[in-house]
Amino acid sequence: MKIAQIAPLAESVPPKLYGGTERIVSYLTEALVDQGHEVTLFASGDSQTSAELVPITPAALRLTPGIVDTIPYHMMMLDAVRQRADEFDALHFHIDLLHLPMIQDFIGRTVTTLHGRLDLPDLPPFYRCFGDHCLVSISDHQRQPMPPVNWGATIYHGLPADLLTPSLGENEGYLAFLGRISPEKRPDRAIRIAARAGMELRIAAKIDAVDRAYWEEEIAPLVKRYPNIRFIGEINERQKADFLGGASALLFPIDWPEPFGLVMIEAMACGTPVIAFRCGSVPEVIEDGRSGFIVDSEDEAVEAVKQIRHLERKMVRGVFDARFTADRMAADYAALYHRLPGARTDAAWLRRRRGEESELQIVA
């Protein structure tokens, strides 16, 4: 198939540091190319891909000085997509909602993956208005706040199988917290759990400007109070394998309806079990007693830390291999593209218009 992937412009694809959506777009794009599809990626100009890259901005907007409003740049990208829309059998959007009013002419060939939380009060009326667009959820739980819409599938995220080398032997005996310092991620819980369990906690996390006050008022004092807490800061992709692989467990003490939680499967890829609070997608991602433990309180989390030694890291990695690879994710999306009404009804005339004689070939 000829497939367009339309990425957010805040980060490059893949991102230099933090950026879950852009990372998934990269993994999906590369896996689709590996599976024989012709893929075009609309993204920032500093993106790296084996697909055809259509650079919309010279660099990722978050790292570009002077950028205040990202919407004009996304409008520029949507115009570039519109001009080339007839080149593609399927167009896959990862930018939430900006594009929905603009793609009616080729709606039958479009898919939109919703990467964020959907429990915000202004979203239901919007999606009710555009209820005919094919949407993908990244967990079943993510769907709960939504009005009736055209769900195409739930497709879990995946990572390249060789991205993170599993550490199946002895670990360094610390607990890990990876991601972002914010109230909903509850680093305060992680600190208290580690302190009560008598284990070192290493925190590798970014601090956004909006969360700076939370860090300074709530979390930094806790880091100073407990001698077993080590704040590392933001780490890049190359550092993740060592950071996660060296940990006895990843703490995922969230307090919000997490749509997926990419860090959970990153830990699993390293063979590192996850201790996660029962919120959002957690029960869909973690197999309790196999890839980690699902808890409902800090008391249960402290007890779970004591039980981690009973989980085999090889088994944790096995759960990842069975459920969360990029190849599986790409195959699921390719099957969905194939089911799109426009991919079937429009295929013949689109190929004639492009001067192609062969019929649409679906590469699984």
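Before moving on, here are some points about what is shown:
- Residue count for region 278-323, restricted to those that are polar (S, T, N, Q) and over 25 Å from D188 (Cα atoms): 0
- Of all residues in region 267-322, those that are among the aliphatic types (A, V, I, L, M) and not in a helix (DSSP H, G or I) total 7.
Table: residues versus (1) modelled with pLDDT of 95 or more; (2) of a type outside the set (D, E); (3) surrounded by 13 or more Cβ atoms within 10 Å (Cβ to Cβ).
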position: I286; (1), (2), (3): yes, yes, yes
position: F293; (1), (2), (3): yes, yes, yes
position: S297; (1), (2), (3): yes, yes, no
position: E303; (1), (2), (3): yes, no, yes
position: R309; (1), (2), (3): no, yes, no
position: R313; (1), (2), (3): yes, yes, yes
position: D321; (1), (2), (3): yes, no, yes
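- Residues in region 29-46 include none that are β-branched (V, I, T) and touching a Pro at 6+ places or on another chain (Cβ under 9 Å).
- Verdict on L340 being over 30 Å from G292 (Cβ atoms) and either surrounded by fewer than 16 Cβ atoms within 10 Å (Cβ to Cβ) or modelled with pLDDT under 80 (or both): no
- Where G131 falls short, out of the listed (1) touching a Lys or Arg at 6+ places or on another chain (Cβ under 9 Å); (2) within 26 Å of D86 (Cα to Cα); (3) surrounded by fewer than 17 Cβ atoms within 10 Å (Cβ to Cβ): (1)
- Residue in region 62-85 that is surrounded by 14 or more Cβ atoms within 10 Å (Cβ to Cβ), out of contact with any Ser or Thr (no Cβ under 6 Å at 6 or more places or on another chain), of a type in the set (D, E, K, R) and assigned to a loop (DSSP other than H, G, I, E, B) present: no
- Residue in region 129-150 that is closer than 21 Å to V39 by Cβ and over 24 Å from the mean Cα position of the chain (by Cα) present: no
- Per the listing V305, V316, V282, V295, the residue uniquely assigned by TED's automatic domain parsing to the domain that holds I254 and either under 18 Å from the mean Cα position of the chain (by Cα) or closer than 22 Å to T154 by Cβ (or both) is V282.
- Subset of region 22-49 [under 19 Å from H99 (Cα atoms) and either at pLDDT below 95 or touching a helix residue (DSSP H, G or I) at 6+ places or on another chain (Cβ under 6 Å) (or both)]: L41, F42
- Within region 157-170, being crowded, with 19+ Cβ neighbours inside 10 Å and part of a loop (DSSP other than H, G, I, E, B) holds for H157, G158, L164, P166, S167.
The values are calculated or read from the model by the stated rules, or taken from the named source; none is laboratory data. Source: prediction; values computed, not measured. Cβ atoms come from the backbone with ideal geometry, glycine included; neighbour counts cover every protein chain shown.
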